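The values are calculated or read from the model by the stated rules, or taken from the named source; none is laboratory data. Nothing here was measured: the structure is a model prediction, and the numbers come from that model. Here the Cβ positions follow ideal geometry from the backbone for every residue, glycine too, while neighbour counts run over all protein chains shown. Calculation scope for accessible area: heavy atoms of the full protein, side chains included, ligands and nucleic acids excluded. Shrake-Rupley method; radii C 1.70, N 1.55, O 1.52, S 1.80 Å.
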Amino acid sequence: MTAVRRVVIAGGGTAGWLAAAMLTKQLGGMVDVVLVESEEIGTVGVGESTIPTVRAFHDIIGVDERDFVRATGASFKLGISFEGWSRPDERYIHSFGTIGRSTWMADFHHFWLEARANGQADEIGRYCVEHEAAREGRFAGGDSGLNYAFHFDAARYARYLRERCEADGLTRVEGKIARVERDGEGGDIAALVMEDGTRIAGDFFLDCTGFRALLIGDALGVGYEDWRQWLPTDRAIAVQTTATGPAVPYTRAIAHDAGWQWRIPLQHRLGNGIVYASDYLSDDAAQARLLESVTGETLIEPRVIRFRTGRRVRAWERNCVALSLAGGFVEPLESTSIHLIMIALTRLLQLFPFDGVSAAAAARFNDMAQREIEGVRDFIILHYTLNQRDEPFWQRMRDMPLPDSLAERIALFRESAQAFQASDELFTVTSWVQVMLGQKLAPRAHNRVARMMPAGRLQQTLGQLAANVTGAVRGLPMHQAYLDRV
Ligand code: FAD
């Protein structure tokens with residue numbers, strides 16, 4: 001087993017620079033880090049909406065929030081507004097907050113369902129501060145207690161991380177990787193060979209080359225499990241436009257007849273994109289639809305991005321770990337890819353092969369990565385399959401056979417309103433419940449513990465919770481005013 005003293009990161013997109021930031025910050029002095037990227041090839045150029053776990057990761061790599069918000073044109077995010085997902089005229093917000101108050105015996109939504117059946121409850125979002133703040137366009141950080149994430153400019157983010165890493169001693173090599181050299185005996189990766197013949201040797205390699213997957217796919221031949229039968233969207237077109245109004249503190253996900261569109265507000269512009277299934281919508285029609293719907297002036301030429309939903313069968317193979325697009329991709333509906341990079345890096349450091357790669361550590365890493373991305377996959381499919389729209393694409397999504405894990409979860413909620421968060425699963429009970437109810441999955445029954453409350457007490461408790469939420473939200477500034485201040 002070769003002790004790992006030198007790590008080579010192939011690729012300088014969000015995955016590559018986050019890896020570089022983590023390794024230089026946490027292992028600087030113990031391992032040398034080299035990053036190779038090609039400006040000519042460039043990055044995927046999207047990936048600008050995140051979830052709250054980003055803040056914990058920023059703490060680990062020492063990012064100061066104000067500094068980061070200024071440098072990357074970031075805005076704040078309290079959730080996602082799903083528009084037209086159950087029916088064309090319906091909308092709900094999946095917020096990052098907790099809703100109401102749960103007990104050990106039953107989650108809050110059981111009490112809410114009981115009160116709702118008696119005509120004594122408001123919409124469920126009324127019992128959640130983040131939900132109501134998002135709905136009213138309000139936000140405050142600091143000690144407001146809100147659970148939030150960011151929208152940021154991906155190009156500026158990579159630049160920001162690069163400056164920090166180079167200041168911390170990272171070596172960056174510019175140029176194209178021509179081939180990957182493997183060790184004749186063991187088969188591990190020995191070096192990246194650049195187009196100009198330079199050889200970049202290392203003990204351990206991170207494949208951050210995006211959809212190209214030069215190391216894990218091309219060189220090591222690790223297969224890809226295709227999930228298109230459940231998630232047939234396979235293309236996106238992205239375009240940036242000037243901002244035309246105050247930034248809202250949420251991402252918008254607006255359904256159309258063969259997929260959905262995103263709208264991500266930053267300080268200086270909007271990120272817009274359309275995700276679609278090419279079996280149902282042509283590139284030209286998708287582009288026309290996107291350009292018709294954007295507001296403001298377009299700042300870049302729209303670009304088609306092709307993708308294949310699925311996962312690399314093993315993200316850690318030999319002395320190589322694949323991160324993000326090289327390791328698998330589930331479409332960006334719930335902004336999970338950057339989170340998956342961060343959690344993979346956290347786990348890699350916990351299992352770091354200082355004394356050489358161990359098959360057991362790699363197996364553990366792969367096992368957790370699989371469960372995590374499958375949980376994300378099921379959550380994304382949930383949004384699509386619980387729909388009541390008429391178009392052929394949406395009918396197909398409603399009628400398709402589901403992964404067993406998801407079919408069982410939906411049946412459980414439908415029968416008894418029970419929801420759960422499995423181990424190594426990202427999404428909480430609150431998230432599952434918000435989307436299931438938002439997509440109009442009506443449970444036939446719920447936990448009757450709420451009936452044990454004395455008459456009037458349930459209504460009074462819910463009334464108090466809603467009043468607390470209203471009071472908390474009223475005290476928050478408008479998101480744009482807060483942004484202008486920070
Ligand atoms: P890339 O950005 O493609 O970077 C690849 C790097 O490898 C580049 O530096 C490139 O130059 C280099 N490279 C490749 N080949 C060579 C070579 N031969 N020689 C040298 N260098 C090479 N995630 C979220 O969390 N939230 C979102 O809202 C979100 N939206 C998305 C929307 C779409 C349409 C897509 C496709 C993805 C989205 N993602 C989102 C995912 C997110 O974009 C990625 O997780 C993130 O950008 C990381 O990409 P990457 O670094 O793996 O790849």
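Given a 1.4 Å probe, how much area per residue of the stretch 235-306 is accessible, in Å²? Please list the in-between numbers first.
Values: 3010 Å² over 72 residues.
Per-residue accessible area for the stretch 235-306 comes out at 42 Å².
Of the accessible area of the chain, computed with a 1.4 Å probe over protein heavy atoms only, carbon and sulfur atoms account for 47 percent. Per-residue 3J(HN,Hα) values for the stretch 258-269, derived from phi via the Karplus relation 6.51 cos²θ - 1.76 cosθ + 1.60 with θ = phi - 60°, read 9, x, 7, 10, 10, 9, 10, x, 10, 5, 9, 6 Hz in sequence order (x marks Gly and Pro). Modelled this way, with points 7 Å down the Cα-to-C-beta line, the labels at E408 and E39 are 5.3 nm from one another. Rounded to whole numbers, the Karplus 3J(HN,Hα) couplings from phi for the stretch 316-331 are 10, 9, 6, 9, 9, 10, 9, 10, 6, 4, 5, x, x, 8, 10, 3 Hz, using 6.51 cos²θ - 1.76 cosθ + 1.60 with θ = phi - 60°, and x at Gly and Pro.
Axis angle, to the nearest 10 degrees, between helix 154-167 and the longest C-alpha principal axis of the chain: 50 degrees. Across the stretch 235-306, the mean sequence separation of Cα contacts (distance under 8 Å, 6 or more residues apart), normalised by length, yields a relative contact order of 45 percent.
Among the DSSP beta bridges whose two residues both lie in the chain, what percent are antiparallel, rounded to the nearest 5? It would help to have the intermediate numbers written out before the result.
Details: 50 of 71 bridges.
Roughly 70 percent of the beta bridges in the chain run antiparallel, per DSSP.
Once you divide the Cα radius of gyration of the chain by 2.2 N^0.38 Å, the number left is 1.01.
How tilted is helix 429-438 with respect to the longest principal axis of the chain? Cα atoms for both, answer in degrees (0 to 90, nearest 10). That works out to roughly 60 degrees. Cross-link partners of K440 among lysines, defined as those whose alpha carbon lies under 30 angstrom from its own and excluding same-chain residues fewer than eight positions apart: K77. Remark: relative contact order (the chain) = 22 percent; criterion is Cα-Cα distance under 8 angstrom and separation of 6 or more residues.
Return the calculated 222 nm mean residue ellipticity for the chain, to the nearest 500 deg cm²/dmol, obtained by summing -39500 (n - 2.57) across DSSP H runs with n ≥ 4 and dividing by the residue count.
Working: 14 runs with 170 residues, N = 486.
Value at 222 nm, helices only, nearest 500: -11000 deg cm²/dmol.
For V44, the accessible surface of its heavy atoms amounts to roughly 50 Å² (probe 1.4 Å, protein chains only, rounded to the nearest 10).
Please determine, in degrees from 0 to 90 and to the nearest 10, the orientation of helix 283-293 with respect to the longest principal axis defined by the Cα atoms of the chain, where the helix direction is its Cα long axis. The two axes meet at around 50 degrees.
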